[in-house]
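What follows draws every value from the coordinates through simple rules; no lab data is involved. Here the structure is a predicted model, which means the values were calculated and not measured. Positions of Cβ are backbone-derived with ideal geometry, glycine not excepted, and every protein chain shown enters the neighbour counts.
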Amino acid sequence: MKYRCLTDDELKLLADDLKHFLIVNGVHAEEWEHMNKVNPSKAIQLVELFSDTVLDKVYSKIEYLEHRSPEACLVFHFNEAKIELISIQGKQDTSVDLSTPENIHEALAKQADQLSFFKTEKHYTKERNSEIHQMIVQGCFISTKDFWDALIIATA
């Protein structure tokens, strides 16, 4: 398995897509029911393959991720060949909280002098989508181009 198995809730939402996937792979409704009873490990393998296919497609569309904590906000931009990072951190001995969008915007507008900014980039050490998956597992979530662009302006 490349990523993870979709949850039951995710699979329910994608039931029609799963049915289509199974048909494309030569498994029709009655065969699927039979497989689940007689050879559940084979059924699980098909669900894992479907999960990887779905997640690979989702990850390929992700361009921005962010990770927030009270101490820092990290925003990542995923290009074809590299990951760019903008990090915002409160300077020592400050009470800046960067854990919510509202707090971040307020800190940028009213307490920019209490923030330190850091920009860097790195080339992928793994396949792009695998790096995105790993970062999501570590607590990152999808961000936006608008937020990235605002940080570019703020750090200029």
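Quick notes on this structure:
- Amide H contacts under 5 Å for LEU98, placed H, 5+ residues apart: GLU71, ALA72
- Reachable aspartates and glutamates from LYS145, criterion Cα separation under 18 angstrom, eight or more residues apart if same chain: GLU63, GLU66, GLU80, GLU84, GLU102, GLU121
- One equal scatterer on each Cα of region 8-61, no solvent, Debye formula: the resulting log10 I(q)/I(0) at q = 0.15, 0.25, 0.26, 0.30 Å⁻¹ is -0.41, -1.06, -1.13, -1.34.
- Projecting the Cα atoms of ILE132, ILE153, SER116 onto the charge dipole of region 99-156 (Cβ charges, centred on the Cα centre) puts ILE132 farthest toward the positive pole.
- Legend: calculated FRET efficiency, GLU121 to ASP17, from the Cβ-Cβ distance at R0 = 35 Å, rounded to 0.05, equals 0.50.
- Only one of (1) 19.6; (2) 18.1; (3) 18.6 was calculated from the structure for Kirkwood radius over Cα pairs in Å, and its label is (2).
- Highest average packing first - 6-14, 79-87, 131-139, Cβ atoms within 10 Å: 131-139, 79-87, 6-14
- Inter-site label distance for ASP9 and LEU49 at 7 Å from Cα along Cβ, in nm: 2.8
- Charged neighbours of GLU71, selected by a Cβ distance under 12 Å, balance to +1 (K, R count +1; D, E count -1).
- Estimated [θ] at 222 nm from DSSP helical runs (n ≥ 4, -39500 (n - 2.57)) normalised by residues in the chain, nearest 500: -15000 deg cm²/dmol
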